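Structure, as structure tokens:
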Amino acid sequence: MPSKTLAAVAEVEEWTAVRNRPEKDSKPKRQPRYNVVLWDDDEHTYEYVIRMMKELFGHPIEKGTQIAQQVDKLGKAVCLTTTKEHAELKRDQIHAFGRDPLIARCQGSMSATIEPLPE
């Protein structure tokens, strides 16, 4: 019988220690955010960008058009803001998207980078 009492005491002490943890540990820490940035070039059409935004990011045609216009006018555009791992995946998907069939001189995909958001 004494072994049951010792086991019960150990369980109570363990439960109390878990319950008395500071509340700040209960909040999950937010992962740093990164922008996926698409860079302009002269070898890809608006249609290419719009199709890529739809297929890779799920953006509607209107959002793809806005991104295509921004890339053309400003030289770059943010396609998505997400975690580092997801941003790396999306950047790599842009690099693997292939050439623009509407432009004969096009040799390959567009360029993209990821950039951390300021904290």
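Every read-out reported here was derived from the displayed coordinates using simple, explicitly stated rules and does not represent laboratory data. No experiment lies behind these values; they were computed from the predicted model shown. Methodologically, a virtual Cβ is constructed for each residue, glycine included, from the backbone with ideal geometry; neighbour enumeration extends over all protein chains shown.
Quick notes on this one:
- Restricting segment 40-77 to residues that are under 18 Å from residue 108 (Cα atoms) and among the hydrophobic types (A, V, I, L, M, F, W, C), the residue that is nearest to the chain's Cα centre (by Cα) is 56.
- Close Cβ contacts (under 9 Å, 6 or more residues apart or on different chains) running from residues in segment 96-119 that are under 17 Å from residue 52 (Cα atoms) to residues that are exposed (fewer than 10 other Cβ atoms within 10 Å of the Cβ) comprise 99/107; 103/42.
- Complete set of residues in segment 50-96 that are closer than 21 Å to residue 117 by Cα and of a type in the set (Ser, Thr, Tyr): 81, 82, 83
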